[in-house]
1. Looking only at residues in region 191-208 that are at pLDDT 75 or above and touching a helix residue (DSSP H, G or I) at 6+ places or on another chain (Cβ under 6 Å), which one is farthest from ligand 3 (Cβ to nearest atom)?
2. Any chance you could count how many residues in region 251-296 are touching a residue at least 40 places away in the same chain (Cβ under 8 Å), of a type outside the set (K, R), buried (at least 18 other Cβ atoms within 10 Å of the Cβ) and assigned to a strand (DSSP E or B)?
3. Within region 432-468, how many residues turn out to be of a type in the set (D, E, K, R), without any contact (Cβ under 8 Å) to a residue 60 or more places away in the chain and surrounded by 17 or more Cβ atoms within 10 Å (Cβ to Cβ)?
4. Among the residues of region 211-225, which ones are within 10 Å of ligand 3 (Cβ to nearest atom) and either within 13 Å of the chain's Cα centre (by Cα) or in contact (Cβ under 8 Å) with a residue 12 or more places away in the chain (or both)?
5. Read through the list (1) under 30 Å from K438 (Cα atoms); (2) out of contact with any Lys or Arg (no Cβ under 6 Å at 6 or more places or on another chain), then give the number of the only condition that A361 fails.
6. Criterion first (near ligand 4 (Cβ under 10 Å from one of its atoms) and farther than 20 Å from S344 by Cβ) does C429 satisfy it?
7. Anything in region 297-316 that is within 13 Å of ligand 4 (Cβ to nearest atom) and in a helix (DSSP H, G or I)? List them, or say none.
8. Among the numbered criteria (1) closer than 29 Å to N336 by Cα; (2) within 16 Å of ligand 3 (Cβ to nearest atom); (3) not aliphatic (A, V, I, L, M), which one does R291 miss?
Amino acid sequence: MNTENKATEPDKPVKSSLLRNWLSLGGLIISTGSIFAFLLLFALDAMNPSSNPYVGVLAYLVAPTFLILGVSLVIGGALYQRWRYKRFKPTTARSLISIDLSKPQERRNLLILITVSTTFLLLTAIGSYQTYHFTESVTFCGQACHTPMKPQFVTYQHSPHARVSCSECHIGRGATWYVKSKISGLYQVYATYADEFPRPITTPISNLRPAQQTCEQCHWPQKFVGNLDRTYTHYLADETNTEYTVRMLLKVGGGDPTQGPVSGIHWHMSVANKVEYMATDPAHQVIPWVRMTDPQGVVTEYTTPDFDGEVRSDLVRTMDCMDCHNRPSHVFKTPNEAVDLALSLGRLDSSIPYLKRDAVALLTQPYSTEEAALQGIATGLHEKHANLPNLKSTIAEVQRLYSENFFPEMGADWRAYPDNIGHKDWLGCFRCHDGEHKSKNGLAVIKSDNCSQCHTILAQGNKDTLAQLNLQEPEFAHPEEGWQGFLCNDCHTGSND
Ligand code: HEC
Ligand code: HEC
Ligand code: HEC
Ligand code: HEC
Ligand code: HEC
Ligand code: HEC
C-alpha cells in the first residue's frame, strides 16, 4: 500500500486521520474476518440446528473474541494516533491509504489488496469450518487433552455407546448448553494446562444436562421394554475356577400407561410417576429422603432413621435415566467382572488352577503407573504359574484387562466410579430399596423384601444346571451360606470375592 505518497491539506482535521495507522488497519482486517466467520457459522447453526453443538462455541464465543480483539486494535491504534497528533502537532497529516485509479501502481495495489482480503476471508471460512468439524469429533473431547480424559475415552470405546459422540450426551442440542459447556470448558482447558484437574475426575458431573435432552433424544423413554433375559456368568475363587452363573429375567417394564402396563424397573422414569430424592454425599450414594408422586397426585415421603429432618431444595433431584444408568458409556469393570468375562469367553483358560483368584488379586494391587502394573502382572503370573504352556497369552490377556479398566495415573478405576444399575458390588438400587426407607407413619416402605420384585431367576449354577430352565422360580442359591440379612455389597466389593 502507498504509505507516504500524498500530502493532504495542512489543516486537515486530526479526526479524519485517526484510523490511518497499521494497528487500526490490522484490527479492521481481523474484525471483518471474524464478522464474516460469525455470519458463516451462524448460518450453519441456523440451517442445521441439530447437527453439532460445537458450532455454537465457535460462533458465539470464538468469533466474538476475535471481533473484540479486532475492535480493540482499531481503537488502540486510533488512540495512539491521537496521542501522536497531540504530542508532535504535525502540520501535514500523513495519509496511510489513498487510491488513485488513474495510476497503474495504485491499480496494482488495489488488486493486491482485493486478492489478499479475499484469500484471507476464504481461509477464515475454511478454517472455521474445519475447526467446527474438529471440535465435534470424539478426538477433540477424548484425546486433545490426553491425560485427564484417557480413562473416560478408553472405557467409552468399549461401551455400547462407542459410536455416539461425546457431545451428544455431554452437550446435547441447542445453543445455551453449548455456551454453558464451553464456559466450563474454558476452565477445564486452564485446569489441564495448570495441572489442576482432580484425579480422578469427580463424578457425578454437577452440571450434566438433564437426560430428557440427551439420552431421551435417542431412547424413546415411553417405550415399553418388557422383560429382559440376562445371564451373569461368574467363576469362584477356588482351585477349579468353578463356574457359577445366574440367568434371570429383569422386569424392566415401562413407565407410560399408553404404551403398556406401568410396572417394573422403568416404573420410576417420571412419565407416570415422579420420584425425587436427596443425596447427602457428592457421589449420590447416601439417600436419606425420597418423595414419590403417583399419577393421582398422591405424595408419599420416605425417610431413613438417619434423616436429620432437613430437606435441602438445592440437593433434591428428580430421578431420571442417569440415576440408574450412570455408566452407560464409561464402564470401569471390576476386576471380578473383567476376569469372569475373559474366562467365559475363553480368552483366559479356566482350566488353569486358581487363575480367577490370582488374576483378580494382581489386577487389584495398587500400582503407581500403568507401566508398573503391566510389569507387576507379568512378574506375578510368572511366579505363580511358571510352567504354563500358555503363560505368555495369559499374561497378555490380564494386561489387556488392566489397560482397559484401570488408569493409575488418574486414580480412575471401578473404586472411583460407583455403578448404580444393580446392587451386587455397589448399593445401587438398594440405596432406596433397603427396607429402611419408610413413610412417617411407618406404613409405606420402599419395597425391598422380595427378590423377585425386580427379577426372576431362571437358572443358576454351572453349565449343566443352566440348561434346565426352571419356571418355578427357584430361591437364589448363593455359593456360600450366611449371606442373608446383609447387603450384597457388605461382602462384595468387585475384587476379593
Ligand atoms: C451415552 C452417553 C455418553 C457418552 C457418549 C459419553 N459420556 Fe461421558 N458421561 C456420561 C454419563 C451418564 C456420565 C456420568 C454422569 C454422572 O453420573 O453425573 C459421564 C461422565 C463423564 C465424565 C466424568 C467422570 C465419570 O466417569 O463420571 C467425563 C470426564 C466424561 N464423561 C467424558 C466423556 C468423553 C471424553 C466422552 C467421549 C470420548 C464421553 N464422556 C462420552 C455419558 C456419556
Ligand atoms: C445418539 C444416540 C444415543 C444417545 C444420546 C444415547 N444412547 Fe444409549 N444407545 C444408543 C445406541 C445406538 C445403543 C446401542 C443399541 C444396541 O446396539 O443394542 C444404545 C444402548 C443403550 C443401552 C443398552 C446398553 C446395553 O448394555 O446393551 C442403554 C441402557 C442406554 N443406551 C442408555 C443410555 C443413556 C442412559 C443415555 C444418556 C446418558 C444414552 N443411552 C444416550 C444410542 C444413544
Ligand atoms: C430405576 C432405575 C432405572 C431408571 C430410572 C431407568 N432405567 Fe433403563 N434400565 C434399568 C435396568 C435395571 C435395566 C435392565 C438392563 C440392565 O440391568 O442393564 C434397564 C434397561 C434399559 C434399556 C434396555 C437395555 C437393553 O439391553 O435392551 C434401555 C434402552 C434403557 N434402560 C434406557 C433407559 C432410559 C433412556 C431411561 C430414562 C428415560 C432409563 N432407562 C431409566 C434401570 C433403570
Ligand atoms: C431414589 C430412590 C430409588 C432408587 C435409587 C431406586 N428406586 Fe425403585 N422405587 C423407588 C420408590 C420410591 C418406589 C415406589 C415404592 C415402592 O413401590 O416400593 C420404587 C419402586 C420400584 C419398583 C416397583 C414398581 C411397581 O411396579 O410398583 C421396582 C421394580 C423398582 N423400584 C426397581 C428398582 C431398581 C431395579 C432400581 C435400581 C436399578 C431402583 N428401583 C432404584 C425408589 C427408588
Ligand atoms: C430393587 C430391585 C431389586 C431387588 C429388590 C433385588 N434385585 Fe437383584 N438385581 C437387580 C438388578 C437391576 C440387577 C441387574 C444388575 C445389572 O444389570 O448389572 C440385579 C442383579 C442380581 C444378580 C446378578 C448380579 C451379578 O452381577 O451377577 C443377582 C444374583 C441378584 N440380583 C440377586 C438378588 C437377590 C438374591 C435379591 C433378594 C435378596 C435381589 N437380587 C433383590 C435388582 C434387584
Ligand atoms: C456374607 C458375605 C456375602 C454376602 C452378604 C453376599 N455374598 Fe455373594 N459371595 C460371598 C462369597 C464368600 C462368595 C464366594 C466367592 C468366591 O469363591 O469367589 C460369593 C459369591 C457370589 C457369586 C459368585 C462369584 C462371583 O464372581 O461374584 C455371586 C454372583 C454372588 N456371590 C452374588 C451375591 C448377591 C447378589 C448377594 C446379595 C443378594 C450376595 N452375593 C451377598 C459372600 C457374600
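1. Per the criteria, the residue is R199.
2. Of the residues in region 251-296, 3 are touching a residue at least 40 places away in the same chain (Cβ under 8 Å), of a type outside the set (K, R), buried (at least 18 other Cβ atoms within 10 Å of the Cβ) and assigned to a strand (DSSP E or B).
3. So the answer is 0.
4. A211, Q212, T214, C215, E216, Q217, C218, H219, P221, Q222, K223, V225, listed by residue number.
5. For A361, the failing item is (1).
6. It is true that C429 is near ligand 4 (Cβ under 10 Å from one of its atoms) and farther than 20 Å from S344 by Cβ.
7. L315 - this is the single residue of region 297-316 that is within 13 Å of ligand 4 (Cβ to nearest atom) and in a helix (DSSP H, G or I).
8. Condition (1) is where R291 drops out.
The values are calculated or read from the model by the stated rules, or taken from the named source; none is laboratory data. Bear in mind that the values here come from a model prediction, so they are computed numbers and not experimental data. All Cβ positions, glycine included, derive from the backbone under ideal geometry; neighbour counts span all protein chains shown.
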